[in-house]
Each structure stands twice: as structure tokens, then as C-alpha cells.
Amino acid sequence: MDAARRGLLAAVPAAVAVTGCSLVSGTESEDRPPYTVENESGAPRSVDLRVWKVGAVDPLEERTDSFRDDFEAAAADGEVDESRFEWTDSYDLTIEPGAAAAPLESSSATGLLYVEASADHGERIGVWVEVGNPADDFFVDCSVYEAGTSVTTGAY
């Protein structure tokens with residue numbers, strides 16, 4: 001994601017209803033949100049954004065080769081044992097066409113994160129994010145289309 005796109009995301013006003021968290025609109029803050037969900041369809045979209053802190057980034061080599069696949073399958077089935085992980089955040093977003101929602105302005109999350117977005121049209125997408133320390137600024141940018149979803153992650 002280049003600087004111009006990030007600036008555009010920060011400038012798009014959010015038209016959303018959010019439960020369980022405080023909404024930060026890009027027009028009210030200069031900070032870049034770690035999570036952004038954009039509605040690129042022609043109809044309002046409801047998206048459930050869930051974030052799990054799965055554990056420390058290292059040592060990944062001590063985990064089984066199928067660790068990530070097993071976790072993704074559990075998340076898709078709604079069977080993640082939340083007592084085994086440090087925290088879970090969940091955001092229910094309703095996003096108008098052409099708008100973007102940023103439920104968090106910033107995050108002090110570190111470690112191995114799993115971010116999953118489930119849209120009302122049945123599309124589900126998950127992504128792994130490795131955040132080595134609190135000074136690392138990261139982003140997860142989801143886009144919801146008429147019948148699909150995409151995600152981009154990275155560091156600023």
C-alpha cells in the first residue's frame with residue numbers, strides 16, 4: 001500500500017454503526033488505523049472483523065507445521081478456544097457503499113495476530129500478521145466487493 005493510498009484511506013469519512021468499540025473516522029485523526037474495512041460494493045455491507053492474538057512471533061519453529069492451518073480451520077468453524085489466547089477483539093461494522101470503517105485508531109498488539117473478516121454476503125477471509133514489538137506500526141486493509149473480499153497487510 002503506497003503513501004498516496006494510505007492518505008486516501010485516512011481522508012475517507014466512515015459511515016458505520018459499531019458495537020463494542022469506539023469508532024475513529026479518518027477525518028478526525030492524523031493517525032493511521034491498523035484495521036480498515038472498505039466497502040467497494042454498491043450496497044451497504046455488514047462485516048464482522050475478529051482479531052486474535054495467537055502468541056509470540058518467535059519461536060514459530062516450535063509449533064507444528066500445520067499450526068496455522070489448524071487455527072484457520074477452528075476460526076472458520078467458530079471453535080477457537082479463546083481461553084488459550086491473550087485476547088480477542090470483535091467489531092460488527094455496517095459500511096455504506098464507497099465508505100471505509102476504522103474501528104481502531106492504533107493498536108499496541110504484538111506477536112502473531114490472526115485477523116478474520118466475515119461479510120454478510122458469505123465471503124470470509126483471514127490473514128496472519130506478525131508484529132515483533134509495540135513500536136512496529138502495522139495495517140490490515142480489507143476490501144469488500146459485491147461477491148468477494150480481499151485483504152492487504154504490511155508495516156508503515
Restricted to segment 84-97 and to residues being of a type in the set (D, E) and touching a residue at least 40 places away in the same chain (Cβ under 8 Å), the residue surrounded by the most Cβ atoms within 10 Å (Cβ to Cβ) is D89
Filter segment 21-51 for residues that are more than 25 Å from D136 (Cβ to Cβ), outside any strand (DSSP E or B) and not aliphatic (A, V, I, L, M); the one that is modelled with the lowest pLDDT is T27
Only one of (1) surrounded by 14 or more Cβ atoms within 10 Å (Cβ to Cβ); (2) modelled with pLDDT under 90 does not apply to E79, and that is (1)
Those residues of segment 136-152 that are in a loop (DSSP other than H, G, I, E, B) and either touching a residue at least 40 places away in the same chain (Cβ under 8 Å) or open to solvent by 80 Å² or more (accessible area, probe 1.4 Å) (or both) come to a total of 4
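Pick out the one residue from A155, A109, A100 that is farther than 18 Å from A76 by Cβ, over 11 Å from the mean Cα position of the chain (by Cα), of a type in the set (A, V, I, L, M, F, W, C) and open to solvent by 50 Å² or more (accessible area, probe 1.4 Å).
A155
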Sole miss for E105 among (1) in contact with a strand residue (DSSP E or B) (Cβ under 7 Å, 6 or more places away or on another chain); (2) touching a residue at least 24 places away in the same chain (Cβ under 8 Å) is condition (1)
Counting only residues that are assigned to a loop (DSSP other than H, G, I, E, B) and under 24 Å from D69 (Cβ atoms), segment 97-135 contains a total of 5
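The values are calculated or read from the model by the stated rules, or taken from the named source; none is laboratory data. Computed from a prediction, not measured in an experiment: that's the story for all the values here. All Cβ positions, even for glycine, are placed from backbone atoms using ideal geometry, and neighbour counts span all protein chains on display. Protein only, heavy atoms only, side chains kept; ligands, DNA and RNA dropped before computing areas. Shrake-Rupley method; radii C 1.70, N 1.55, O 1.52, S 1.80 Å.
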